[in-house]
Amino acid sequence: QGILVRLDVLLREPSGIRLIEVKSSTSLKPEHVTDCAIQAWVARGAGLDVKKVLLAHVNNRFVYPGGDDYQGLLVEHDISSEVMALQAEVPRWLAAAQAAAAGPTEPEVRPGKRCVTPYDCAFMAHCWPADTAYPVQALGGDRELLGSFVSAGYRDLRDVPEERLTRADHRRIQAVTRAGVAQLEPEAGRFLAALGYPRYFLDFETIALAVPVFPGTRPYETLPFQFSCHVVHADGRTEHRSHLDLSGEEPGRRCAEALLAALDATGPVFVYTSYEQRVIGGLAERFPDLAARLEATTSRLVDLHPLTKKHFYHPDMLGSWSLKKVLPVIAPDLRYAAGEVQEGNAASAAWLEAQQPSVTPARRAALAAELTRYCALDTEGLIRLTGHLSSG
């Protein structure tokens, strides 16, 4: 009836067909049952005698023992009864979808949380404002609330009546955007001035594989393979210390040891968000003999994200305090887009490529140079950020 599904696993058994849908998530979710119900309906309509439907997802407690032994990596849930109970509903869902797709006018559905839950809708750019420099969604936060603004006819966040903005951060974003001038409060500079030297600026690059390849690691375990550390001394002298592991072996141990050497014993360590703290905590858990020194390092961390969010905002950040939104407005000369690696996922992909035996030495060297360039930009950006916050 015009519906196509792609089955992950179809097993023909004496008692009938067993279908298994495999998800990369670590738990069974309600939308998975709906997905499987549609798959089973189509399979049955194509003449398959479907007796069982199972949902398999990643077991994040699985520890890879090595030797290509992945027994236990997936957890299977028999959802046959739930799927069969929905079979009478599926034709109604599909008929409604087909009618909407074939209709002469688009459905009138108010934008809201449904646009991002459980997944981002492919029509986000169509239904939400995209014809203004400061769209309503740049206020951030609750999609239901933002959708109500769009439904009321407001497309630019500057046009939303102030009395409709009940959140302090929304009022702040609107006020700064209307003024057209960045907000920078002096409290940030006073906080930073009280910190000593030498100052360390730290950023990790990590990999989190659904299917672990290193013995002793778990699915989605965060494994750091690289860090950049800029050091600023009291006399203004700056040096760069970095580490990148392309050995093809589990990178955690060497990364932890290199990190301890790079950070010395004293001085604030600037990071952006709590991610670096979680990475260091993971290393301390994996390597108990290094745990005390690693945990001492975390006590020196200074997270610039909450400080920036509290005391700085520029209209072009569009409601986001991510580093990739902050740096372009304070240090536009930092050229992330100038190289092959421009964001974290690309860094992970580059590292994975460098591990492949088929990669030529020249290509591996090029990847190493690109990874080093990219990671160093983040810590150089943190230096620029502290300088900017101190100028207020």
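The values are calculated or read from the model by the stated rules, or taken from the named source; none is laboratory data. Here the structure is a predicted model, which means the values were calculated and not measured. Reconstructed Cβ throughout: ideal geometry from the backbone, glycine too, with neighbour counts over all protein chains shown. Heads up: the accessible areas ignore ligands, DNA and RNA and are worked out on the full protein's heavy atoms, side chains in. Shrake-Rupley method; radii C 1.70, N 1.55, O 1.52, S 1.80 Å.
A Cβ distance below 9 Å, combined with a sequence gap of six or more or placement on separate chains, defines the contacts here; from the stretch 40-63, residues that are in contact (Cβ under 8 Å) with a residue 40 or more places away in the chain reach residues that are of a type in the set (Phe, Trp, Tyr) in the pairs VAL58/TYR220; ASN60/TYR220; PHE62/TYR70. Just one of the listed residues (PRO357, PRO315) is of a type outside the set (Asp, Glu), at pLDDT below 95 and more than 22 Å from the chain's Cα centre (by Cα), namely PRO357. Residue under question is VAL33, and the condition is that it be of a type outside the set (Asp, Glu) and either within 16 Å of ASP78 (Cβ to Cβ) or not in a loop (DSSP other than H, G, I, E, B) (or both); does it hold? It is true that VAL33 is of a type outside the set (Asp, Glu) and either within 16 Å of ASP78 (Cβ to Cβ) or not in a loop (DSSP other than H, G, I, E, B) (or both). Out of ARG178, ARG167, one residue alone is touching a Gly at 6+ places or on another chain (Cβ under 9 Å) and open to solvent by 60 Å² or more (accessible area, probe 1.4 Å). It is ARG167.
Mind checking which helices (runs of 4 or more DSSP H) fall wholly inside the stretch 52-161 and carry at least 3 residues that are open to solvent by 70 Å² or more (accessible area, probe 1.4 Å) and under 30 Å from ALA179 (Cβ atoms)?
none
The number of residues in the stretch 285-301 being open to solvent by 20 Å² or more (accessible area, probe 1.4 Å), under 26 Å from the mean Cα position of the chain (by Cα) and among the aliphatic types (A, V, I, L, M) comes to 1. Of the residues making up the stretch 216-252, those that are in contact with a Lys or Arg (Cβ under 7 Å, 6 or more places away or on another chain) and under 20 Å from PRO268 (Cβ atoms) are CYS229, VAL231, VAL232. Regarding GLY248, is this residue open to solvent by 20 Å² or more (accessible area, probe 1.4 Å), farther than 25 Å from LEU385 by Cβ, touching a residue at least 60 places away in the same chain (Cβ under 8 Å) and in contact with a helix residue (DSSP H, G or I) (Cβ under 7 Å, 6 or more places away or on another chain)? Yes: the conditions hold for GLY248. For a quick check of your reading of the model, give me the residue pairs whose first member lies in the stretch 4-23 and is closer than 26 Å to ALA210 by Cβ, whose second is open to solvent by less than 60 Å² (accessible area, probe 1.4 Å) and among the basic types (Lys, Arg), with beta-carbon atoms closer than 7 Å and at least 6 apart or on different chains. Close Cβ pairs satisfying both conditions: LEU11/ARG18. Applying the condition of being touching a strand residue (DSSP E or B) at 6+ places or on another chain (Cβ under 6 Å) and in a loop (DSSP other than H, G, I, E, B) to the stretch 217-237 and asking which residue is surrounded by the fewest Cβ atoms within 10 Å (Cβ to Cβ) yields THR222. Taking residues in the stretch 270-285 that are within 21 Å of SER320 (Cβ to Cβ), and partners anywhere that are at pLDDT below 95, the pairs with Cβ atoms closer than 6 Å and at least 6 places apart or on different chains are TYR272/LEU323.
Of all residues in the stretch 182-207, which are part of a loop (DSSP other than H, G, I, E, B) and touching a residue at least 60 places away in the same chain (Cβ under 8 Å)?
ALA182, GLU185, LEU195, GLY196, TYR197, PRO198
So, ALA182, is that one farther than 22 Å from TYR275 by Cα, more than 30 Å from the chain's Cα centre (by Cα) and among the aliphatic types (A, V, I, L, M) or not? Judged against the criteria, ALA182 is not a match.
Can you pull out the residues in the stretch 1-21 that are over 11 Å from ALA46 (Cβ atoms) and not in a strand (DSSP E or B)? Scanning the stretch 1-21 gives GLY2, ARG6, ASP8, PRO14, SER15.
Might you check whether a residue that is over 15 Å from GLY319 (Cβ atoms) and of a type in the set (Phe, Trp, Tyr) occurs anywhere in the stretch 113-120? Outline the logic, then answer.
Just the residues of the stretch 113-120 that are over 15 Å from GLY319 (Cβ atoms), to begin with: 113-115, 117-120.
Add one more test, that the residue is of a type in the set (Phe, Trp, Tyr), and what stays is 119.
Looking through the stretch 113-120, at least one residue is over 15 Å from GLY319 (Cβ atoms) and of a type in the set (Phe, Trp, Tyr).
Take the residues in the stretch 337-369 that are in contact with a helix residue (DSSP H, G or I) (Cβ under 8 Å, 6 or more places away or on another chain) and not in a helix (DSSP H, G or I), then tell me which one is most open to solvent (accessible area, probe 1.4 Å). Of everything passing the filter in the stretch 337-369, GLU340 is most open to solvent (accessible area, probe 1.4 Å).
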